[in-house]
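Let me begin by presenting the structure, written as structure tokens, before commenting on it.
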Amino acid sequence: MVFDLDMIKKVYERMPARVAAARKAVNRPLTLTEKILYAHLWQGDANETYGRGTSYVDFAPDRVAMQDATAQMALLQFMQAGRSQVAVPSTVHCDHLIQAKIGAEADLATAVDKNKEVYDFLASVSNKYGIGFWKAGAGIIHQVVLENYAFPGGMMIGTDSHTPNAGGLGMIAIGVGGADACDVMAGLPWELKFPKLIGVKLTGKLSGWSSPKDVILKVAGILTVKGGTDHIVEYFGEGARSLSATGKGTICNMGAEIGATTSIFGYDDKIATYLKGTGRADVAALADGIAAHLTGDDEVYANPAQYFDQVIEINLSELEPHINGPFTPDLAWPLSKFAQAVKENGWPAKLEVGLIGSCTNSSYEDISRSASLAKQAVDKKLKAKAEFTITPGSEQVRYTVERDGFLDTFADMGGVVLANACGPCIGQWARHGAEKGEKNSIITSFNRNFAKRADGNPNTHAFVASPEIVTAFAIAGDLTFNPVTDTLINEAGQAVKLDEPQGYEMPAKGFAVEDAGYQAPAANGSKVQVLVDPKSERLQLLDPFAAWEGTDLSGLKLLIKAKGKCTTDHISMAGPWLRYRGHLDNISNNLLIGAINAFNDTANSVKNQLTGSYGEVPATQRAYKAAGIGSIVVGDENYGEGSSREHAAMEPRHLGVRAILVKSFARIHETNLKKQGMLALTFANKADYDKIREDDHFSITGLTSFTPGQPLTVVAHHADGSSDAIVVNHSYNQQQIEWFQAGGALNIIRRSFAG
Ligand code: SF4
């Protein structure tokens, strides 16, 4: 047993009282989303109502899940907290670093060799701090979580954007950056903007070629890639109850593509069946005991428009299979209109590769339905015209579908089984010939299809559909084929038609696995050594940042006055730099290299005030650091928007930047800066941005009486001897001021454990 039944019991014990208190506080029936959120308030009972889309609220998640790429910095930081164990049950999953090239076995062996230092670090740090470790080949984070950890009514954060997959089992599961995961593992609250709510009422029942994937492909077409931002999507209705638990997971998973905070279904018989079938009958029994709290109130679902901010209704009985793309997941085409769209838009009709699987669509149901088509292809003497690959979501699914003969069926059709990992879905695909950049089409059952994502070729037209449709298209090798109406010519020259796919929600003989790939942590990890090679380029243990010196600051140089958009990607670029995400000093060589210098309109070229010459931003800042001189960064509006990336806050801190002074911040980045012990300041008068000159040096005063709500002063000393005293605001509360004084939030936690 790898899940934590005691933790689930505690959640269920407190849930009825919390829900009752919340219902009383808001004085109306509650949605499922609200019940779970109120049951996880950091402060306990809800004694006030929170503004949807406006209030920032502290929560206490039950679990943390991390994938191997993002876990590295999260765990290096966690080590700074001084705890002997993580504060909540947590797991690490080695899935993102495995490149698909030849096939499962060879690719896995190559990855284990290439990523040895990362895997050794993650395995040892997990072992030491009580974290469950899923080694390379065990499966993709979200499928493994669904099979082992997700539970109705729970709350989880995960360092990956498709964490919402667990909503299929009725859990609020949200993708976050590594800094948030570190905080929750260290025992800090987790802050979330209280979401708005979209209700999706599902009526009718799926049949024929339609599948759960088509529900989210349709929803993506309605809401577009931005329509779910700051919203949680709650599915309900008889149609919702008719979908398998894994089908629900598919829908929640791809909710990330509409920007939703997360998506969720209420607890029902299908979820109970899946829990029982995956060795968690005791979780199902506990959930049955509080079932009324694990779904929305009847009044809400009877009058959804009254309780949700937006309501969508979809009749599953009328839902056609959809194909979304190319280049964006919200360009939704019903199957009956797709062939025409391909022709009218001049997309390459010849299909090169069909790829099924990934965390989105690799359930037993998905694989069995696709295999039913593969079997027909073999029986009807059809040879697959396109290449075809299968990425199982977990070793448990892979082992079970192999036992039940489905992998042999795919092999008969010419399919290649890839490792139980992300592979092509995250661009870890050494696709033969992709470097030539030829215009071509592929179709996948994954979730994302932005340009270059799968194979790095900007001319690959990637489409997204259900595994059934992907399989049918791979057999036909043609995107203008409609399996519902069209025939194919087989090797005997006969016209044959594919019958509707058939599958099984759960394996008749149950799931099985020989080695699931799980390593339990040591009961007492105090003697376990965390393995990091001091000469490693990819990993570096962190030293705690220094505490504030207790005085006002002076003599700070201007590092850069950034102009216009400055996202976390401008501050800490991704791409090849991700290789160094576990090595703070090495990745700091990308600090602000994408930001535009307001004085010369050029990226990565700033004046070094010590020499008067222009140089790269990281090199210039390293020169200041070597001279023992601090600096400030000045920025424009919404500084630090984009994905939450802790490196964007850690790098300036590591290289000796003392303050970031901007017209406005993106909230998450502002908080990340505070956590690292940086000063995050805003111009009280935005026009003062124009007073900053290239040769300025700065003092920051008011720090010895740093108080919530009280502005500070930044004095810009100009080269001509004049100066401007600039009033700057901040949003630090008392606790955050303590973070600044201690040199970072983790320093405070470490202090509390040292005593
Ligand atoms: S399979 Fe794709 S979407 Fe799923 S976790 Fe991996 S990279 Fe992300």
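Okay, here's what the table says:
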| quantity | calculated |
| --- | --- |
| Cα-based Rg and Dmax for the stretch 604-755, where Dmax is the largest Cα-Cα distance (Å) | 15.6, 51 |
| Radius of gyration, Dmax [the stretch 676-755; alpha carbons; angstrom] | 15.3, 51 |
| Mean shadow area of the stretch 527-633 over all directions, Cα convex hull, nm² | 9.2 nm² |
| With Cα atoms, 0 to 90° folded angle of helix 68-78 axis to the chain main axis | 40 degrees |
| Accessible area (Å², per residue) of the stretch 656-717, counting only protein heavy atoms and a probe of 1.4 Å | 34 Å² |
| Whole-Å semi-axes of the ellipsoid equivalent to the stretch 322-455 (Cα gyration tensor, √5λ, descending) | 25, 18, 15 |
| Folded to 0 to 90 degrees: helix 335-345 orientation relative to the chain principal axis, Cα | 60 degrees |
| Helical mean residue ellipticity (222 nm; -39500 (n - 2.57) per DSSP H run of 4+; nearest 500) of the chain | -9500 deg cm²/dmol |
| Length gained when the stretch ARG28-ALA492 is fully extended (0.36 nm per residue, less Cα-Cα span) | 160.4 nm |
| Sulfur and carbon atoms: percent of accessible area, the stretch 1-125 [1.4 Å] | 49 percent |
| For the stretch 28-95: relative contact order, % (alpha-carbon pairs under 8 angstrom, 6 or more apart) | 32 percent |
| Rounded Å value of the spacing that divides the Cα centres of the stretch 655-687 and the stretch 357-381 | 51 Å |
| Paramagnetic reach from GLU500 in the stretch 304-345 [backbone N under 13 Å; point 7 Å along Cα→Cβ] | 317-321 |
| As computed over the stretch 586-631, the Cα convex hull volume per residue (Å³) | 69 Å³ |
| Residues listed by number, the stretch 153-168, amide nitrogen under 18 Å from LYS10 label point at 7 Å toward C-beta | 153-157 |
| Unit charges on C-beta of K, R, D, E only; dipole of the chain, Debye | 620 debye |
| Angstrom value of the Kirkwood radius, inverse mean 1/r, which spans all Cα pairs in the stretch 672-720 | 12.5 Å |
| ALA109/PHE450 FRET efficiency (R0 30 Å; Cβ-Cβ; nearest 0.05) | 0.50 |
| Lys/Arg +1, Asp/Glu -1 at C-beta; the chain dipole; positive extreme among HIS231, GLY279, PHE511 | HIS231 |
| Normalised per residue, the volume of the convex hull around the Cα set of the stretch 80-142 (Å³) | 87 Å³ |
| Base-10 log of normalised Debye intensity for the stretch 515-586 (one unit scatterer per alpha-carbon) at q = 0.12 Å⁻¹ | -0.70 |
| Values of log10 I(q)/I(0), in the order q = 0.09, 0.13, 0.14, 0.21 Å⁻¹, for the stretch 187-339 under a Debye, Cα-only, solvent-free model | -0.31, -0.63, -0.73, -1.39 |
| Accessible area per residue, Å², the stretch 112-207 with all protein chains present, probe 1.4 Å | 20 Å² |
| Cα centroid of the stretch 704-755 to Cα centroid of the stretch 118-180, whole Å | 35 Å |
| Sequence-separation-based contact order of the chain, relative, with Cα cut under 8 Å and 6+ spacing, percent | 13 percent |
| Rounded accessible area per residue of the stretch 495-541, 1.4 Å, Å² | 68 Å² |
| Value of Rg to Rh for the stretch 481-543 (Rh from inverse mean 1/r over Cα pairs, i.e. Kirkwood) | 1.40 |
| Convex hull (Cα only) mean projected area of the chain, reported in nm² to one decimal | 32.6 nm² |
| Solution diffusion estimate, µm²/s, Stokes-Einstein, the stretch 360-413, Kirkwood Rh from C-alpha pairs, 4 °C, viscosity 1.567 mPa s | 115 µm²/s |
| Mean separation of Cα contacts under 8 Å (6+ apart) over length of the stretch 377-536, as relative contact order % | 25 percent |
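The values are calculated or read from the model by the stated rules, or taken from the named source; none is laboratory data. As the structure is a computational prediction, the values presented were derived from the model and not from experiment. Neighbour counts are summed over all protein chains in view; Cβ atoms, including those assigned to glycine, are modelled from backbone coordinates with ideal geometry. When the accessible area is computed, the model is the full protein with side chains, heavy atoms only, and any ligands, DNA or RNA have been set aside. Shrake-Rupley method; radii C 1.70, N 1.55, O 1.52, S 1.80 Å.
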